[in-house]
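Some notes on the structure that comes next.
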Number of protein chains: 2
Amino acid sequence: MPDDSEAPGKSDLARTVDLLWGIEAPRGTRGPRPGLSVEAITRAALEIADAEGIAALSMQKVAKLLGYTTMSIYNYVPGKEQLIELMLDAATPPPPVPAEGEDWRVSLERWAAATWELYRLHPWSLKVPTANPPLGPNQLAWFEAALAAIARSGLSGGDVMALGLYVLASVRGQAGLVLDLTGTRDATAPEFAEQMRRIVDSARFPVLHGITMAAPEQAYGTAAIQMDLDFGLRRLMDGVERYVERRVG
Amino acid sequence: MPDDSEAPGKSDLARTVDLLWGIEAPRGTRGPRPGLSVEAITRAALEIADAEGIAALSMQKVAKLLGYTTMSIYNYVPGKEQLIELMLDAATPPPPVPAEGEDWRVSLERWAAATWELYRLHPWSLKVPTANPPLGPNQLAWFEAALAAIARSGLSGGDVMALGLYVLASVRGQAGLVLDLTGTRDATAPEFAEQMRRIVDSARFPVLHGITMAAPEQAYGTAAIQMDLDFGLRRLMDGVERYVERRVG
DNA sequence: GTAGAACTCTGTATGGCGTACATTTATTGA
DNA sequence: TCAATAAATGTACGCCATACAGAGTTCTAC
């Protein structure tokens, strides 16, 4: 692979974007045929992260899985951080396609559920040390799908973006909270509930106490929080409708 | 410090909770007076993370900052993971106190703004590799404050928790997205906008294209996203009011 | 008063990590 | 055929978390 600082003044961000979009400096014909590829490396890394978590991902493991030495990876990917950004984009499938004439609320709910599922499949993606916002083609397409649904609600430009970010953020946040709870290991929820009971005294945390004592396991199970997400999203969309009605009427 | 596996069957989670709440096995009187403390160690670690980010936090740096050897830290804290959980709780101040008779919406908005500010002050806290949900006294008190505000909206038990988690999640999520944008370094936003312009073509991403081309810098600035958060939260609360009215009326 | 238990702290060592750099090997255009 | 180019390897550095052994300090039990 040729020198990838083709335009010497190119920023890290720009180079990352090139990589994500497969914009490569044209490679010369001399030298040995490359045995690896950015795609193969990304796939291998993804496999490791999905199976063992992001903490277990190392350049050495990726290389070993592919049958090469560690340093050969660096012929294709500038470093671990960029590899992770490639992984994030590769883990994002095409977004759900709304049916013809589907209500915007249904589309958005489906989108949120699909996003949730995505984070469930790739829990590491929430804990990833990244400095850049999502700029890969798949991640952009995913977000575009949310915006397209929201645009059908009657909101205008800036508000569409605002709501899109809000919904994305809330799903991410919920997923993060739940994954903290369930972690890789399953069934920590009961133990968590037990600790809650130990700690949450009624004087200091009256509201929390009331809810926790009533039904702790239920309040903290994965299923419960999935329902919380639906509840919040529905209230949010109710509010949007009211907002649109008021602006129009 | 005495053997901390006092009750041998104690789980990791239980031991972490003990640590967070300062429940220590009573320390014997023999041996040298301890020169360090859990608090001092936590404070030092917090200082490093706030200044240099979580990636720069190492046990060696904490120890050096305190003038001790690396391993002496392990007399007070079982490992790095638990230290991070201590840091998370230590970074959480007492929550804002609502004025007498304050509207629940105002309380919740204030709470959300304060939470936002908290993440702005300690950006590392969003990227932290943690397996446990927040169980420290300060983090619980913070969340209790949100629940207390929401409880005044007229929602009932389970719905209060659902909405509390939803709002917390959305603030966390928004903060995470913004911190990806601005990072530690400031003013990546314009460069980000430039890359967006390069990539977002109108055929593939029509909605995103429309918004981005209209006012890219504005759409991605920190201030803008802060306003997005307010917008989303208001729509959410509108929806809650409608929900409560319907259930009551 | 003193032996030794209990405790803190240090020193050393292990195995892992990301990646810089120099070298070897394979391929091809001149 | 040979210099250029690129892929792949080997070696090395400095960092990391933490296990373990031992040194030094303080108090309890006798």
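Using a 1.4 Å probe on the protein chains only, how many percent of the accessible area of region B:104-248 belongs to carbon and sulfur?
56
How large a share of the accessible area of region A:12-90, in percent, is made up of carbon and sulfur atoms when the probe is 1.4 Å and the other protein chains stay in place?
Numbers: 2260 of 4300 Å².
Solvent-exposed carbon and sulfur of region A:12-90 make up 52 percent of the total.
What accessible area, summed over both chains, is buried at the A-B interface (1.4 Å probe, Å², nearest 100)?
So the total buried area for this chain pair works out to about 6400 Å².
Where does chain A land on Rg/Rh, using Cα atoms and the Kirkwood Rh?
Reported Rg/Rh, Kirkwood definition of Rh: 1.06.
Put +1 on the Cβ of every Lys and Arg and -1 on every Asp and Glu Cβ in the protein assembly as shown; which of B:88, A:214, B:63 then has its Cα farthest towards the positive end of the dipole?
Value computed over the given set: B:63.
From Cα pairs below 8 angstrom and at least 6 apart in sequence, can you work out the relative contact order of region A:12-90, rounded to a whole percent?
Relative contact order, region A:12-90: 33 percent.
How compact and how long is region B:43-123, expressed as Rg and Dmax of its alpha-carbon atoms in Å?
Radius of gyration, then largest Cα-Cα span, for region B:43-123: 16.8, 53 Å.
Could you do me a favour and compute the accessible area per residue for region A:104-248, 1.4 Å probe, result in Å²?
38
Of B:91, B:148, B:55, which is the most mobile in a GNM of chain B whose springs link Cα atoms less than 10 angstrom apart?
Maximum among the listed residues: B:55.
Tell me the distances, shortest first, between residue A:101 and the same position across the other copies, using label points 7 Å along Cα→Cβ, in nm to one decimal.
5.4
Give me the Kirkwood hydrodynamic radius of region A:12-90 in Å, from all C-alpha pairs, to one decimal place? Working shown, then result.
Working: mean 1/r = 0.0767 Å⁻¹.
About 13.0 Å for region A:12-90.
For the charge dipole of chain A, defined by +1 on Lys and Arg C-beta atoms and -1 on Asp and Glu C-beta atoms about the Cα centroid, which residue among A:134, A:156, A:232 has the Cα displaced farthest towards the positive pole?
A:134
Taking 2.2 N^0.38 Å as the expected size of a compact globular protein, what ratio does the Cα radius of gyration of the protein assembly as shown give against it, to two decimals?
Dividing the Cα radius of gyration by 2.2 N^0.38 Å gives 1.03.
Rounded, prolate or oblate, given the Cα gyration tensor of region A:104-248, with a/c below 1.5 counting as rounded?
oblate
May I ask you to derive the relative contact order of chain B, considering only C-alpha pairs under 8 Å and at least 6 residues apart, and to give it as an integer percent? All intermediate terms of the calculation are to be shown ahead of the outcome.
Numbers: 194 pairs, mean separation 40.6, N = 249.
Relative contact order of chain B: 16 percent.
The values are calculated or read from the model by the stated rules, or taken from the named source; none is laboratory data. This is a predicted model, so every value here is computed, not measured. All Cβ positions, even for glycine, are placed from backbone atoms using ideal geometry, and neighbour counts span all protein chains on display. Protein only, heavy atoms only, side chains kept; ligands, DNA and RNA dropped before computing areas. Shrake-Rupley method; radii C 1.70, N 1.55, O 1.52, S 1.80 Å.
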